[in-house]
Amino acid sequence: MVELCRNSPLAKKFGKKTSEIEVPEGLSEVEREQFLKANGISNSEKPKTEDKKDQTISKVKHDEEIGELKEKLRKKEEKIGDLNKDRDDLRKERDTYKSRWERARSDFEEEQKKSNDYKEQLRKANDDIDAKKKEIKRLTEQPINVQVPEDTSETEKALKKAKKDNAELSGKIEELKAEITRLTADNSSKDSTIEHLNSTIKEFDTERARFEDTITLKDEEIEGLKNRMELSSEHLDVATSGLLIRQNVDEIASDLLDDGNYEIKLARNGSYMLIIPDVEGSAVCKNHRIMLPRLGELVPFSIKTEYPLNPVGNNIFRVELK
């Protein structure tokens, strides 16, 4: 409280006694001197608050708190930037696998078409062989009525022609057999290629599913960090970290977990788990405990274990399992 001159402008304006007028808190030294001069207060008088402390201290503290909050926001923005980069890298890798998968499927379809063509050629070759065998059998079993002409030269010519035709037919049969052998081996090779392509496509599908799960979890972490940044910028309190206790195979517990329904998401590699509040979630928390029947299948249990439990924003918790 500072005594003002009886005829000071501020006292006249508000119709108050000089003893009832206070110097505003949070003013810099220059602003304070200008205020005193404008209202007829002696510069030798040092304005005091009710607890007799310098009024500029609250402004210094306020500036320090703002500086700390800005530093926290900067670190969180850097973290969000890193997570965004990780997500973009994962998406690029996913797109690469997707492109490889599409090329593999295209190759598979082309090889399958070729295989079907080879099978059709093989079927026709078999039909041709069967027809030739029947023709040979027919010619072999057909009775031959040889009429000996008076001129033996005609008989010799006919015999030579028959031998030549028989040799040509035998040659064609051998060629067809060789072609059948080649087509059979080629078809076996194509079947092996098709089996390999099917296996590759299955691996690509599994890898793509893993990347999509990882991207989903990264997006949730980013969203949680953004929520934490908004809360900090509004000077709101952020949930504290704690511990998650696993006392048996299928039960987890923590004082930070409120009763209600949750959705539980476990990273594919088992490194961490997200606990997300969800009114439609299948995991129910009672007395700060959640039963998870399949937890033992995904994360082996031997003894009572404590895990770090960290808030990531929007009431979502991350459990570091490894």
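Values as computed for the structure displayed
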| read-out | value |
| --- | --- |
| Around residue 259: net Lys/Arg minus Asp/Glu count, Cβ-Cβ under 10 Å | +1 |
| Carbon plus sulfur fraction of accessible area for the range 237-320, probe 1.4 Å, in percent | 48 percent |
| Unsatisfied cross-links (Cα-Cα over 25 Å) in the set 202/322; 37/70; 137/172 | 202/322; 37/70 |
| Residue 177 paired with residue 162, simple spin-label distance in nm, labels 7 Å along Cα-to-beta-carbon | 2.3 nm |
| Difference of contour (0.36 nm per residue) and Cα-Cα distance, residue 196 to residue 216 | 4.1 nm |
| GluC sites (Glu not before Pro) within the range 242-322, DSSP loop, no more than 13 other Cβ atoms inside 10 Å | 280 |
| Extension gain, residue 306 back to residue 79 (0.36 nm per residue minus Cα-Cα distance, nm) | 79.1 nm |
| Residues of type aspartates and glutamates that residue 76 reaches as a straight line, Cα spacing below 19 Å, ignoring anything fewer than 8 places off in the same chain | 64, 65, 68, 86, 88, 219, 220, 221, 223, 230, 234, 237 |
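The values are calculated or read from the model by the stated rules, or taken from the named source; none is laboratory data. All of these numbers come straight from a predicted model, not from anything done at the bench. Reconstructed Cβ throughout: ideal geometry from the backbone, glycine too, with neighbour counts over all protein chains shown. Each accessible area value is taken on the protein alone, full model and side chains, heavy atoms only, with ligands, DNA and RNA left out. Shrake-Rupley method; radii C 1.70, N 1.55, O 1.52, S 1.80 Å.
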